[in-house]
Structure formats: C-alpha cells, structure tokens
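Have a look at the structure below before the remarks.
The values are calculated or read from the model by the stated rules, or taken from the named source; none is laboratory data. Here the structure is a predicted model, which is why all the values come from computation and not from measurement. Here the Cβ positions follow ideal geometry from the backbone for every residue, glycine too, while neighbour counts run over all protein chains shown.
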Amino acid sequence: MMKLNISEALVSTFVMGGVIFFCRVFPFLFFRASGDTQGSPRFAPFLAFVEKVVPPVAMTVLAFNALSAPLKADPQGGIPALLAAAFTALVHLWKRNSLISIFGGTALYMILLRILVP
C-alpha cells in the first residue's frame, strides 16, 4: 500500500472537491435560461423526459442493489430484506410519505434481523 504525504493528500482532496463541485454546478450552467426562470425552451422536452424517468429508474436501481447483496450472501438471510422492502412499498402506497415508509421499513428490517437471523 502506498503512503501519501500531506501535500499529496491535500492536492488529491482539492482535485476531487473540484470535480464534485463541477459535477454539481454543470447542470445549472448547461440548462440555465437566458433571462427567464422557466428554463430554455430548446431543452424543455429533454428536461421533461429526465424529470419523469430518472427518479423512478434511480430508485429501482438502488432498491435492486440494496436487495442483491443479502440475497447473494445467504438467500435465507435475505428474507428480512425482502419483507422490509415489501413493507416499505406498502406503507408508501398507503401513506404516500417517504419519511414514514423509509423509517418504518428500516425499523422492521432491524427487528427482523434480530428475530430471524441467528
């Protein structure tokens, strides 16, 4: 393993910070309107598509990623994760509140881990 001295660590920290900052600022610079606050009409169809499609796709990818690790490691040990995910989805459909469904699903997962997994 290679050791970094302080100057190399600072340089790499600032470079990574700059890259992250650029990634955060880029959409605002790229899609900013000239004078109006509604956005550029030329990008309106693309932005409408992105606003509609990206959040559900991102949540689906995150959900499958979160469920794949416990199921690959031990299929029987993945039962609490599947039950908690189903509970989270049902509570969200019922209450339409992300905070309640996420906290409820997390609490159920922790309880099921203590009960079902030795």
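Some values worked out for this structure:
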read-out	value
Flag for residue 55 being modelled with pLDDT under 90, assigned to a helix (DSSP H, G or I) and surrounded by 15 or more Cβ atoms within 10 Å (Cβ to Cβ)	no
Region 3-43: number of residues that are part of a loop (DSSP other than H, G, I, E, B) and at pLDDT 85 or above	1
Near pairs, Cβ below 7 angstrom, 6+ apart or cross-chain, from region 60-71 (over 16 Å from residue 105 (Cβ atoms)) to any residue that is surrounded by 11 or more Cβ atoms within 10 Å (Cβ to Cβ) and modelled with pLDDT under 90	71/78
